[in-house]
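Visitor: My questions will all concern the structure given below.
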Amino acid sequence: MSIAPEELAAEIRAQGLIVPTAVSGVVAQGRGFAEVADALVAAIRRLTAGVGEYLRFGAVMPRDQAVAMRYFANFPQLLGSIHCFCGSDAEHRALLRAHDAGEPWADALPPVELVLTPAACYPCYAILAARGAVPAAGYRLQVDATCFRHEPSDDPARLQSFRMQEVVAIGQPDAVVSFREHWLAASADFLARLGLEGDVAPADDPFFGRAAAVMAKAQRERELKFEWRTPVSDAARPTACLSANYHLDSFAKAFGLRFDDGSHAHSACVGFGVERIALALFRTHGMVAEAWPVEVVDLLRLEGTPRADIR
Amino acid sequence: MPANDLVATVRSIVAATLGAADPPAADARAREVAGWDSHATVQIIFAIEDHFGFEMTGEEMESIDSVASIVAIATRRTAMSMPARS
């Protein structure tokens, strides 16, 4: 039984599928939700199995790479920076004294060489660049990561920490654009087979500050970003569950990804937002996964999940 | 500032921002100039604002697609800031 988008947040909390924490946009997943999300990850991995090399990244990536990719410049409001104490015993004592006295102490934890991974494909470009010249056929990859974006919100479809799976192409411009088109269509078809109804629309990223209008306009004019959207938690504002992006040669230039002739490669990716798709499934098919349409259960291979384990 | 000086200043700022050895032509369009992408446009906007001492509106920022479009904005905005002659 489908649920109205506006009722989703209350319903999934009432069912224990999503458990809020003290921080907006940071949640625990109950077993029922986690089982579906894990099944979805596996199903997407099966869907994209033939693409190419598989890389799973963690929640962090090198800071200098995020800087080189201009994430810090374009999206400083979203970037998560890792800070750690690196001091001496004396500095530790000073830190504790400051804390115990109610004084500011966070300055004792300077930024280290890591940031939180903002998108699953971001750490792959430097790895590929280190292999030397880009092969004539380019690279094709599947990548997974736990990602972070500092967007505090009580909207269950806008988590700060979430899983993202992507397929990535690095190569000649025509080839990566064709790859993006193919995988956007194939991925949308996959979601349709899961019983989800949505539309593909041109999109732009949430760039920071006054530059946002310029950057967003360029993205739309050059058709660099498309999203597949479906109503999840707000009927009036459909949620992007797939994102198909063409980076031109910007990421290749950041890391020197060149062909033998010295020309820069281009890159593109199609990303799946795992939790958002899972939420769309619960909204569309109801709160109990075993009761979902058999073709959805089969596609996700959920049939083996003991009912008692799904709350 | 005389019109020719203003055009030369804008061309110089664009070249400096792009790291180009030669200034783009006065009638150059962004898409024709190597390295002049949307990131560069943002940097050019900030450099122009810093140099002339005004802040562009969103509409002005979005209208920038050439040297001439920047010159038009700078001409209009610097004229607005000049004291009226009685």
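Values quoted throughout were computed directly from the atomic coordinates according to the rules given, and no laboratory measurement underlies them. Because the structure is predicted, anything quoted here is derived from the model rather than measured. A quick note on method: Cβ atoms are made from the backbone with ideal geometry, for glycine too, and the neighbour counts reach across all protein chains shown.
Visitor: Gap in Å between the Cα centre of segment A:216-283 and the Cα centre of segment B:1-28?
Guide: Taking the Cα centre of segment A:216-283 as reference, the centre of segment B:1-28 is 35 Å away.
Visitor: For residue A:60, which sequence-distant residues (separation of 5 or more, or a different chain) have an amide H within less than 5 Å of its own amide H, given hydrogens modelled in the peptide plane?
Guide: When sequence neighbours closer than 5 places are left aside, the close amide H contacts are A:117.
Visitor: Want the number for residue B:55 to residue B:12: 0.36 nm per residue separation, take away the alpha-carbon distance, what's left? Spell out each step's value before the answer.
Guide: On the way: separation 43, 0.36 × 43 = 15.48 nm, distance 1.91 nm.
Stretched fully, the residue B:55-residue B:12 segment lengthens by 13.6 nm.
Visitor: Then there's this: Based on other C-beta atoms within 10 Å, arrange A:301, B:11 from fewest to most. Working shown, then result.
Guide: On the way: A:301 12, B:11 20.
Going from sparsest to densest Cβ surroundings: A:301, B:11.
Visitor: Another question about this same structure. Around residue A:143, what is the net charge, scoring Lys/Arg as +1 and Asp/Glu as -1 over all other residues with Cβ under 10 Å from its Cβ?
Guide: Working: positive: A:56; negative: A:53, A:144, A:166.
Every neighbour counted, the sum reads -2.
Visitor: Hey, rough spin-label estimate for residue A:53 and residue A:182, points 7 angstrom out along Cα→Cβ, what's it come to in nanometres?
Guide: 1.9
Visitor: Separate question: Using the Cα atoms of segment A:12-125, I'd like the radius of gyration and the largest Cα-Cα distance, Dmax, both in angstrom.
Guide: According to the Cα coordinates of segment A:12-125, Rg and Dmax are 19.4, 58 Å.
Visitor: If one puts a single equal scatterer on every Cα of chain B and applies the Debye formula without solvent, what log₁₀ I(q)/I(0) results at q = 0.12 Å⁻¹?
Guide: -0.32
Visitor: Let me ask another. From the mean inverse distance of alpha carbon pairs (Kirkwood) and the Cα radius of gyration, derive Rg over Rh for segment A:173-285.
Guide: Working: Rg = 15.9 Å, Rh = 15.4 Å.
Radius of gyration relative to Kirkwood radius: 1.04.
Visitor: A further question on this structure: Would you list A:200, A:297 from fewest to most Cβ contacts within 10 Å? Don't skip to the end; give the middle numbers.
Guide: Values: A:200 15, A:297 18.
By the 10 Å Cβ count, ascending, the order reads A:200, A:297.
Visitor: Taking the beta-carbon count within 10 Å as an exposure proxy, list A:2, A:178, B:66 from fewest neighbours to most.
Guide: Details: A:2 11, A:178 14, B:66 21.
Sorted ascending by nearby Cβ count, the order is A:2, A:178, B:66.
Visitor: A follow-up question, please. Could you check how many percent of all C-alpha pairs in segment A:61-120 are farther apart than 17 Å?
Guide: Values: 855 of 1770 pairs.
Of the Cα pairs, 48 percent sit more than 17 Å apart.
Visitor: Related question: Calculate one ³J(HN,Hα) per residue across segment A:148-162 by plugging θ = phi - 60° into the Karplus curve 6.51 cos²θ - 1.76 cosθ + 1.60, and present them in order as whole Hz with x for glycine and proline.
Guide: 9, 9, 7, 10, x, 7, 8, 6, x, 8, 10, 8, 7, 10, 7
Visitor: Once you have the Kirkwood Rh of the protein assembly as shown from its Cα pairs, apply Stokes-Einstein at 20 °C and 1.002 mPa s and quote D in µm²/s. It would help to have the intermediate numbers written out before the result.
Guide: Details: Rh = 23.8 Å.
Estimated via Stokes-Einstein, D reaches 90 µm²/s.
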